[in-house]
1. In segment 185-226, which GluC sites (Glu not before Pro) fall in coil by DSSP and have 15 or fewer other Cβ atoms within 10 Å?
2. How would Tyr420, Tyr119, Tyr211 rank on accessible area, largest to smallest, probe 1.4 Å?
3. What whole number of Å gives the distance from the Cα centroid of segment 111-149 to the Cα centroid of segment 390-421?
4. Is the shape of segment 123-220 rounded, prolate or oblate, going by the alpha carbon gyration tensor and its root eigenvalues a ≥ b ≥ c, with a/c under 1.5 for rounded and a/b larger than b/c for prolate?
5. By how many nm would the segment from Ala113 to Gln170 grow when fully extended, if each residue of separation counts as 0.36 nm and the alpha-carbon distance is taken off?
6. Give the accessible area for Lys6 in Å² (nearest 10); use a 1.4 Å probe, count only protein heavy atoms, and leave out ligands, DNA and RNA.
7. How charged is the neighbourhood of Thr232? Take every other residue with its Cβ under 13 Å from the Cβ of Thr232, and add Lys/Arg as +1 and Asp/Glu as -1.
8. Cross-link partners among lysines for Lys94, C-alpha distance below 16 Å, same-chain residues fewer than 8 apart left out?
Amino acid sequence: MNQACKTTYHARLRTGNTSIIQKNITVSTRSHTSYTGRNSLRNVPVVNYAAFEQGDDFQLPSEPTEKEEEEDNFKVDEQGFPNERPQGKRIVPKFATKTRHTYFTDEQLGCAAEERDVYVPIRLDIELTNDYRLRDTFLWNMNEQVMTPDTFAHILCTDLDIPINSYGPQISSSIRTQIEEYAPVAEVPMPQGQEMLVVFNIQLQLSQHAYNDQVEWNLTSNLTPEDFSTQTCSDLGLAGEFRPEMAHAIHENLLKLKKDACEGDLPDYDNDSVPGAMAGPRQDMATMGALWQPTLETVSLEEAKRNETNKENMVRQWRRDASKFGGNAADVSAERWRAAATGSMVAQAATTNLPSASVSDAQTLLDQERPRWKCRWCNVLGTGTFCVRRGPEGNKSLCNACGVAYARTAQLPYWRKGLYT
């Protein structure tokens with residue numbers, strides 16, 4: 001058989017060597033009816049009933065069977081990583097299939113690159129069959145011109161060998177929803193030439209490894225989270241998965257703090273700087289700077305599960321707050337956001353015949369509208385764009401990519417005509 005006709009990539013992802021697909025962790029609980037006294041309440045997991053009131057799904061954990069425990073019994077090293085070859089019955093090859101891509105010309109890619117990049121952090125947490133869970137984090141360009149959430153979901157499902165019809169719509173919908181929630185804050189430009197120092201914590205949970213750090217950041221700095229995480233992981237000798245996960249966590253924190261800055265509600269903090277300095281070396285005689293040093297520890301499976309759940313709940317609340325920024329994104333002027341963010345920035349001159357390129361002038365399709373809606377210019381489906389915009393043919397006639405280009409140039413992008421026909 002010719003080389004590369006079969007692949008085991010999808011099977012190797014399920015062996016625990018990466019954090020993208022993991023077995024669901026069953027956290028042991030005790031029945032309340034078995035409590036016999038005060039001492040029996042110790043070391044019992046605390047249930048956060050507030051999360052239920054916010055509409056989160058809740059499912060009682062089930063105890064693993066002996067067969068499942070035997071299958072999941074991997075030998076690991078002192079750092080918690082598998083150090084032996086997975087069992088043969090777990091590595092099942094399949095015939096490699098060609099990934100479906102839409103190919104563009106150099107001219108089309110050049111035109112797409114002219115749009116301003118606005119990145120939002122995306123988290124995927126999808127329940128798979130056979131008691132597996134898909135967890136992934138990445139950045140998505142809000143003004144993406146060539147890749148749609150539908151196309152991304154199709155490629156991801158193909159690579160991971162999961163049913164496209166079952167999980168493709170979930171992945172695409174999750175991406176669109178998170179873009180909608182982050183978009184009002186993400187599109188606001190931060191002022192240049194002045195410092196806006198903030199302090200936040202970086203909390204990561206990869207498999208059984210918990211990373212914690214406290215950093216000071218300038219919201220108007222040109223330093224990117226990717227550069228910071230690359231240097232930090234290189235200094236500490238952290239594995240490759242930590243770098244993108246750390247950058248993603250920083251992006252989430254910065255968006256939350258940007259919203260606070262736009263609303264004039266940045267929290268007060270003490271950065272322990274030496275007298276006479278705004279930042280730099282720390283003077284902490286009580287703990288000798290222990291709060292400002294990174295820590296990496298191996299935790300139990302139960303504690304890792306709790307850390308992941310707490311992080312998900314916290315980020316979900318951040319997204320809810322971001323979606324409420326300035327009120328209803330479809331009714332609030334984007335110029336007011338920019339004025340609140342920059343102070344001295346001059347808003348663009350208003351025009352009577354062109355819509356605004358801001359998210360404030362965009363609209364969201366209803367769930368029943370998405371399957372039937374198509375962009376009048378590029379023919380992308382409603383499930384392939386997170387919002388729709390006004391165009392020459394009226395309201396809700398253009399997708400986000402075509403609508404942004406039309407708002408900025410007063411012309412429909414010729415290179416996108418019939419792109420998804």
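The values are calculated or read from the model by the stated rules, or taken from the named source; none is laboratory data. These numbers were taken from a predicted model, which means no experiment stands behind them. FYI the Cβ positions are ideal-geometry reconstructions off the backbone, even for glycines, and counts take in every protein chain you see. The accessibility values were calculated without ligands, DNA or RNA, using every heavy atom of the protein model including side chains. Shrake-Rupley method; radii C 1.70, N 1.55, O 1.52, S 1.80 Å.
1. Details: sites: Glu187, Glu195, Glu216, Glu226; in loops: Glu187, Glu195.
Listed in order of number, the matching sites are Glu195.
2. Details: Tyr420 55, Tyr119 110, Tyr211 0 Å².
Sorted by accessible area, descending: Tyr119, Tyr420, Tyr211.
3. 22
4. Working: a/c = 3.35, a/b = 1.50, b/c = 2.23.
Since a/c reaches 1.5 but b/c is at least a/b, the shape of segment 123-220 is classed as oblate.
5. Numbers: separation 57, 0.36 × 57 = 20.52 nm, distance 2.85 nm.
Here the answer is 17.7 nm.
6. Spelled out: Lys6, probe radius 1.4 Å, area about 100 Å².
7. Values: positive: Arg243; negative: Asp213, Glu226, Asp227, Asp235, Glu245.
Local charge sum for Thr232: -4.
8. Leaving aside lysines fewer than 8 places away in the same chain, those within reach of Lys94 are Lys6.
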